[in-house]
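Worksheet: the structure to be examined is printed underneath.
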């Protein structure tokens, strides 16, 4: 087992700044190369404090603000215009940064792209869903309408 400090949110494992024990292969082949974790050391306490301070700065200030944003996001579908070929297939796929930009362009607020999770890659036009982790205990579901550019 490897002891790691998470630098990013990993679904089902923990939040930034958490110390976790994972199997060696998972750490060596996935978490560390992706940049989502670093190896735990005795001097890692300072690093954990920096990660938690950055995390709290990115988090929404109050629960009320986060719940207000959740109600806005769930009530209003976000439209995303992309280039597509025949049959509605996209050239590439929709990234979480594209969704974050579309949400802010719609005037719904700003989202961190790292907080957006897609269940499957979006590679076609139509309606899709994504989840946004606004706080540790608050998750919103966004409806994304992907339309082809004319």
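The values are calculated or read from the model by the stated rules, or taken from the named source; none is laboratory data. Model, not experiment: these values are computed from the prediction. Backbone-built Cβ (ideal geometry, glycine too); neighbour counts: all protein chains shown.
Residues to consider are 145, 150; find the one that is assigned to a strand (DSSP E or B) and out of contact with any helix residue (DSSP H, G or I) (no Cβ under 9 Å at 6 or more places or on another chain). Before you say what the answer is, go through the steps one by one.
Details: 150 fails: assigned to a strand (DSSP E or B).
Selected residue: 145, the only one of 145, 150 that is assigned to a strand (DSSP E or B) and out of contact with any helix residue (DSSP H, G or I) (no Cβ under 9 Å at 6 or more places or on another chain).
Of all residues in the stretch 129-147, count the ones that are surrounded by 15 or more Cβ atoms within 10 Å (Cβ to Cβ) and over 15 Å from residue 70 (Cα atoms).
Of the residues in the stretch 129-147, 1 are surrounded by 15 or more Cβ atoms within 10 Å (Cβ to Cβ) and over 15 Å from residue 70 (Cα atoms).
Yes/no matrix, rows are residues, columns are (1) in contact with a helix residue (DSSP H, G or I) (Cβ under 9 Å, 6 or more places away or on another chain); (2) surrounded by 12 or more Cβ atoms within 10 Å (Cβ to Cβ):
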position: 49; (1), (2): no, no
position: 71; (1), (2): no, no
position: 78; (1), (2): yes, yes
position: 82; (1), (2): yes, yes
position: 87; (1), (2): no, no
position: 91; (1), (2): no, no
position: 102; (1), (2): no, yes
position: 120; (1), (2): no, no
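Being modelled with pLDDT under 85, touching a helix residue (DSSP H, G or I) at 6+ places or on another chain (Cβ under 7 Å) and farther than 21 Å from residue 119 by Cβ is the filter here; which residues of the stretch 3-47 pass it?
Correct list: 7, 16, 17.
Among 107, 126, which is surrounded by fewer than 13 Cβ atoms within 10 Å (Cβ to Cβ), modelled with pLDDT of 90 or more and over 17 Å from the mean Cα position of the chain (by Cα)? It would help to see each step written out before you state the result.
On the way: 107 fails: modelled with pLDDT of 90 or more.
Only one candidate qualifies: 126.
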